[in-house]
1. Within segment A:37-66, track down each residue that is part of a strand (DSSP E or B), free of Cβ contacts under 8 Å to residues at least 60 places away in the same chain and within 14 Å of another protein chain (Cβ to nearest Cβ).
2. Which residue, of B:ILE46, B:ILE103, is touching a Lys or Arg at 6+ places or on another chain (Cβ under 7 Å), under 24 Å from A:GLN45 (Cα atoms), within 14 Å of chain A (Cβ to nearest Cβ) and at pLDDT below 95?
3. Could you tell me whether A:THR5 is within 11 Å of chain B (Cβ to nearest Cβ), within 22 Å of B:THR102 (Cβ to Cβ) and either surrounded by fewer than 20 Cβ atoms within 10 Å (Cβ to Cβ) or in contact with a Ser or Thr (Cβ under 8 Å, 6 or more places away or on another chain) (or both)?
4. Could you say which residue among B:GLN56, B:GLN17, B:GLN6, B:GLN37 is surrounded by fewer than 18 Cβ atoms within 10 Å (Cβ to Cβ) and not in a loop (DSSP other than H, G, I, E, B)?
5. Go through segment A:67-115 and count every residue that is of a type in the set (Asp, Glu), under 19 Å from A:VAL13 (Cα atoms) and part of a strand (DSSP E or B).
6. Give me a count of the residues in segment A:41-59 that are touching a strand residue (DSSP E or B) at 6+ places or on another chain (Cβ under 6 Å) and either farther than 25 Å from B:TYR89 by Cα or loosely packed, with under 14 Cβ neighbours inside 10 Å (or both).
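The values are calculated or read from the model by the stated rules, or taken from the named source; none is laboratory data. This is a predicted model, so every value here is computed, not measured. Every residue, glycine as well, gets a Cβ built from its backbone with ideal geometry; the counts of neighbours run over all protein chains shown.
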Amino acid sequence: AQSVTQLDSQVPVFEEAPVELRCNYSSSVSVYLFWYVQYPNQGLQLLLKYLSGSTLVKGINGFEAEFNKSQTSFHLRKPSVHISDTAEYFCAVSDRDSGTYKYIFGTGTRLKVLA
Amino acid sequence: DGGITQSPKYLFRKEGQNVTLSCEQNLNHDAMYWYRQDPGQGLRLIYYSQIVNDFQKGDIAEGYSVSREKKESFPLTVTSAQKNPTAFYLCASRVTASSGNTIYFGEGSWLTVV
């Protein structure tokens, strides 16, 4: 069964520094990949998604992610973070060939941007 | 304004009571989902429905029930059989396959047992 691993539960980083949030998934079959952000007491908001094509995906708020099929990874990056980026980030995967359209989520990474 | 509306935002349940969380979407999405979120555990799938009048159990369906009588609505009932229901509940719906299989979320509902 498909699984998603977010290795870092918390990532502290200073404002204006770069950040990378790591995501690995278990299966190498064709997948759709997503990153979501969650602010306190709110639902999840889509940051970006990989469906096909270019392996470098750009999203909202200056975030980008790179799909690496050989390493089954989809790491999220931002070259310069702001205080407002403090939130929890979730990686998710959906099997492209699955008829059930189920989405598997990682356990989340809490990004804390320090002044 | 298009979107997914969950209500109530906060709900308190007494021991032994059933409660129902509402989820309505006006996005014309076919599939709808319920997830439970607990600290440090990410999101876990409770139930999902791909079409009206059809739904399937997710990974943690015990103690929960759903219905899908209308395309727009997918209410979740937390029954007294759910022994640890205090959590944040998220409803979601999915864009059709031709648009990339993206899942979108409502704002969530907090359920607390008192």
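1. Initial filter on segment A:37-66 (part of a strand (DSSP E or B)): A:37-38, A:44-50, A:56-58, A:64-66.
Remaining after also requiring free of Cβ contacts under 8 Å to residues at least 60 places away in the same chain: A:37, A:44-50, A:56-58, A:64-66.
A:VAL37, A:LEU44, A:GLN45, A:LEU46, A:LEU47, A:LEU48, A:LYS49, A:TYR50, A:VAL57, listed by residue number.
2. B:ILE103
3. Values: within 11 Å of chain B (Cβ to nearest Cβ): yes; within 22 Å of B:THR102 (Cβ to Cβ): yes; either surrounded by fewer than 20 Cβ atoms within 10 Å (Cβ to Cβ) or in contact with a Ser or Thr (Cβ under 8 Å, 6 or more places away or on another chain) (or both): yes.
Taking the combined requirement at face value, the residue satisfies it.
4. Numbers: B:GLN17 fails: not in a loop (DSSP other than H, G, I, E, B); B:GLN6 fails: surrounded by fewer than 18 Cβ atoms within 10 Å (Cβ to Cβ); B:GLN37 fails: surrounded by fewer than 18 Cβ atoms within 10 Å (Cβ to Cβ).
That would be B:GLN56, the only listed residue that is surrounded by fewer than 18 Cβ atoms within 10 Å (Cβ to Cβ) and not in a loop (DSSP other than H, G, I, E, B).
5. The initial filter retains those residues of segment A:67-115 that are of a type in the set (Asp, Glu), namely A:85, A:88, A:95, A:97.
After this cut, where a residue has to be under 19 Å from A:VAL13 (Cα atoms) as well, the list is A:85, A:88.
Okay, now just the ones that are also part of a strand (DSSP E or B), so A:88.
Looking only at that region, the number is 1.
6. The qualifying residues number 7.
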